[in-house]
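Chemist: My structure is below; once you've seen it, I'll send some questions.
The values are calculated or read from the model by the stated rules, or taken from the named source; none is laboratory data. Here the structure is a predicted model, which means the values were calculated and not measured. Note: ideal-geometry Cβ built from the backbone for every residue, glycine included; neighbour counts use all protein chains shown. Accessible surface is based on the protein model in full, side chains and every heavy atom, while ligands, DNA and RNA are left aside. Shrake-Rupley method; radii C 1.70, N 1.55, O 1.52, S 1.80 Å.
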Amino acid sequence: MIEQTVYTALTTGSPLPTAAGLRVYPMLMPQEPAYPALTYQRIANDPIASLDGNSNLDRVRLQIDCWALTYLAAKNLAAEVRAEMATIGALLLLDLDDYESNEKVYRVTMDFSLWQAV
């Protein structure tokens, strides 16, 4: 499962454990989280067919959100995530900046494309 590969990369890669600790959550943040933190979720799974039928490969689109109390901290965490995701062959498709006014926290959302053998 690609989510486990991503979780392992984000929690054991360097320098991410220093920046985000082990605050890496699937889909949702806990109530009253500590920052910085990461959330991740699968956005799409595209099974790839070949002329012979099923290729046993899926193209997975994964979203990772980098959360921090300052804009600079969120951007720095996003740069670290991008570098770590490249080590597992993930291709960055897009990123965007956001501010959650209710929580008073900055977020950088990144979408990645990865291949997964099934």
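Conditions tested, residue by residue: (1) open to solvent by 60 Å² or more (accessible area, probe 1.4 Å); (2) farther than 17 Å from ALA9 by Cα; (3) among the hydroxyl-bearing types (Ser, Thr, Tyr).
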site: ALA37; (1), (2), (3): no, no, no
site: LEU51; (1), (2), (3): yes, yes, no
site: VAL60; (1), (2), (3): no, no, no
site: THR70; (1), (2), (3): yes, yes, yes
site: ARG107; (1), (2), (3): no, yes, no
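Chemist: Given GLU3, GLU32, which one is open to solvent by 60 Å² or more (accessible area, probe 1.4 Å), among the acidic types (Asp, Glu) and modelled with pLDDT of 80 or more?
Modeler: The unique qualifying residue is GLU32.
Chemist: Just wondering, is there one or more residues in region 50-63 that are without any contact (Cβ under 8 Å) to a residue 24 or more places away in the chain and of a type in the set (D, E, K, R)?
Modeler: yes
Per-residue answers, yes or no, for (1) among the charged types (D, E, K, R); (2) closer than 20 Å to THR12 by Cα:
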site	(1), (2)
GLN41	no, yes
ILE48	no, no
MET85	no, yes
TYR99	no, no
GLU103	yes, no
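Chemist: Another question, if that's okay. Considering only region 98-115, how many residues are closer than 18 Å to ILE43 by Cα and over 13 Å from the mean Cα position of the chain (by Cα)?
Modeler: So the count comes out to 1.
Chemist: Quick one: which helices (runs of 4 or more DSSP H) lie wholly within region 1-95 and hold at least 1 residues that are farther than 16 Å from THR109 by Cβ and touching a Ser or Thr at 6+ places or on another chain (Cβ under 7 Å)? Explain how you work it out, then say what you get.
Modeler: Values: elements: 2-12, 16-20, 71-86.
Per the criteria, 2-12, 16-20.
Chemist: Taking the condition basic (Lys, Arg) and under 21 Å from MET1 (Cβ atoms), does ARG107 pass? Show your work before the answer.
Modeler: Numbers: basic (Lys, Arg): yes; under 21 Å from MET1 (Cβ atoms): no.
Criteria not met by ARG107.
Chemist: Hey, another quick one. Limited to region 81-105, what total is found for residues that are of a type in the set (D, E, K, R) and open to solvent by less than 50 Å² (accessible area, probe 1.4 Å)?
Modeler: The qualifying residues number 1.
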